[in-house]
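These notes concern the structure reproduced below.
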Amino acid sequence: MKLTRTALFTALFVAGAFIKIPLPFSPVPLTLQTFFCTAAAILLGGRRGSLAFLCYVILGLIGLPVFSGGGGIEYVLMPSFGFIIGMAASIPVMSLIARRIGVSFAGILFVGMIGAMVIYLFGVPYMYLILKLHMHSEKARISWVLVNGCLIYIPLDIIKILAAAAVCPRLMKAIH
């Protein structure tokens, strides 16, 4: 049963990347990844949630088009790849905090916010560095990256985290 849930979340990470809204002003589309990272941390825990996400990343890096912009090892040079690294880091962090504070609506809301901050902590600097050093883009200004790689996403991430906080406690009861 644990392996099945882990595989299911790998598939959900893929689906979450395909459910995307490209934003014309940002190289990073809006996806459901924040929702599924929070849900994986709560429902699977740090170890299995991280394993599910690692499987997703491996599938993408070996060439399957599972990321929001495709796949392949060259994807590490995309401005959005830092957010993938951040998601990988966020799952064990969120799980650890959730074990300590509980999985109530408020607890998951707090955990999801921390997870989003971890994602931005990795994603925003990575985006800046790729735009500046690899793509030599005129958009490689810290102010532009902060707005178009972080600030515009915060309200949308809050909505996704609210959804995870509403759904996960019910799912916890159903699967445990």
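The values are calculated or read from the model by the stated rules, or taken from the named source; none is laboratory data. Please read these numbers as outputs of a predicted model, since none were measured by experiment. All Cβ positions, glycine included, derive from the backbone under ideal geometry; neighbour counts span all protein chains shown.
Things worth noting here:
- Selection count, region 127-176, where residues are without any contact (Cβ under 8 Å) to a residue 40 or more places away in the chain, of a type in the set (A, V, I, L, M) and part of a loop (DSSP other than H, G, I, E, B): 1
- Selection over region 22-45 of residues that are more than 25 Å from residue 108 (Cβ to Cβ) and touching a residue at least 24 places away in the same chain (Cβ under 8 Å) gives a count of 4.
- Residue, farthest from residue 26 (Cα to Cα), within region 102-160, restricted to residues that are of a type in the set (D, E, K, R) and surrounded by 21 or more Cβ atoms within 10 Å (Cβ to Cβ): 160
- Considering residues of region 62-78 that are in a loop (DSSP other than H, G, I, E, B) and modelled with pLDDT of 95 or more only, the residue nearest to residue 20 (Cα to Cα): 66
- Test: residue in region 9-16 that is out of contact with any Pro (no Cβ under 8 Å at 6 or more places or on another chain), assigned to a helix (DSSP H, G or I) and at pLDDT below 95: no
- Residue count for region 40-74 under the criterion of being farther than 14 Å from residue 15 by Cα and either among the acidic types (Asp, Glu) or touching a strand residue (DSSP E or B) at 6+ places or on another chain (Cβ under 8 Å) (or both): the result is 1.
- Residues in region 54-94 that are under 16 Å from residue 33 (Cα atoms) and of a type in the set (Ser, Thr, Tyr) were compared, and the one that is surrounded by the fewest Cβ atoms within 10 Å (Cβ to Cβ) is 80.
- Reported count of residues in region 112-133, each being under 21 Å from residue 166 (Cβ atoms) and either aliphatic (A, V, I, L, M) or modelled with pLDDT under 95 (or both), is 5.
- Hey, residue 24 in contact with a Phe, Trp or Tyr (Cβ under 9 Å, 6 or more places away or on another chain) and in a loop (DSSP other than H, G, I, E, B) or not: no
- In the set (1) more than 25 Å from residue 128 (Cα to Cα); (2) buried (at least 16 other Cβ atoms within 10 Å of the Cβ); (3) within 13 Å of the chain's Cα centre (by Cα), residue 44 fails one condition alone, (3).
- Residues that are over 19 Å from residue 171 (Cα atoms) and assigned to a helix (DSSP H, G or I) within region 79-91 comprise 81, 82, 83, 84, 85, 86, 87, 88, 89, 90, listed in sequence order.
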